[in-house]
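What follows is a short report on a single structure.
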Amino acid sequence: MTIEVKISDPHNFEKAMRIFKKACQKDGFMMEIKERRYYSKPSDKKRFKGKVYFLIDGKGNSTTGHFMSLVKAHNLGTIIGEELGSNQFCTAGQTLCRLKNTKLVISVANNTHVSTATKLTDERGILPDFFVTQSIDDYLKKVDAVKNYTLKLIRK
């Protein structure tokens, strides 16, 4: 919608404002502004209200730990699996270093980010709500024990 106000005297700002307000009212612009004043986002209306399950194992590192710490702290869903390989600390911007004697290459973080999940322990990875491990037999038989446990939980 475009509203154009033309005035002959550029110094008469008050007159221009009155004309502008009348034009807005005539076009229904002010009514539309009032209707949108209490606008609720579509994401609020369509927000998922079901249960959420997170399947984890010991291989999750850095960003995974950061994310899962927030899931745990804010109770965003049920965590199933093994203790995660990381916690609420997330490192970034690694510098690679070669050790002088062993010649091993290690990475050292330049930055550390900590999530707001400050009540979680620093000494452990993120712990699941339901501890389920994948055995070697399950792996060889191509059985996903964690997924199967989760599906049973969902069906309850």
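Values in this text are rule-based calculations from the coordinates and carry no lab data. The model shown is predicted, which means the values in this text are computed figures rather than measured ones. Glycine gets a Cβ as well: all are built from the backbone with ideal geometry, and neighbour counts include every protein chain shown.
Springs between alpha-carbon atoms under 10 Å, Gaussian network over the chain: tell me which of LEU120, LEU96, LEU55 tops the mean-square fluctuations.
Among LEU120, LEU96, LEU55, the largest mean-square fluctuation in the Gaussian network model of the chain belongs to LEU96.
If the elastic network links every pair of Cα atoms under 10 Å, which of ILE56, ILE136, ILE106 fluctuates the most in the Gaussian network model of the chain?
ILE106
Given the -39500 (n - 2.57) contribution per DSSP H run of 4+ residues, what per-residue ellipticity at 222 nm results for the chain, rounded to the nearest 500 deg cm²/dmol?
-10000 deg cm²/dmol
Using 1/(1 + (r/R0)^6) with R0 = 41 angstrom and r between the beta carbons of THR118 and LYS142, what's the FRET efficiency to the nearest 0.05?
0.55
Enumerate the aspartates and glutamates that LYS152 could reach by cross-link, defined here as Cα to Cα under 14 Å, with residues fewer than 8 away along the same chain left out.
ASP144
Would you mind checking the pairs LYS51/LYS142; LYS72/LYS100; LYS59/LYS103; LYS103/LYS147 and listing those with alpha carbons more than 32 angstrom apart?
Where the Cα-Cα span goes over 32 Å, the pairs concerned are LYS72/LYS100; LYS103/LYS147.
PRE reach from LYS49 (point 7 Å along Cα→Cβ): which of the stretch 72-92 fall under 20 Å by backbone N?
75-78
Report, to the nearest 10°, how far helix 63-73 tilts away from the longest principal axis of the Cα atoms in the chain, using its own Cα long axis and a range of 0 to 90°.
The answer is roughly 80 degrees.
Trypsin sites (Lys or Arg not before Pro), restricted to the stretch 71-134: which are DSSP loop and have at most 12 other Cβ atoms within 10 Å?
Sparse-neighbourhood loop trypsin sites (Lys or Arg not before Pro): LYS100, LYS103, LYS119, ARG124.
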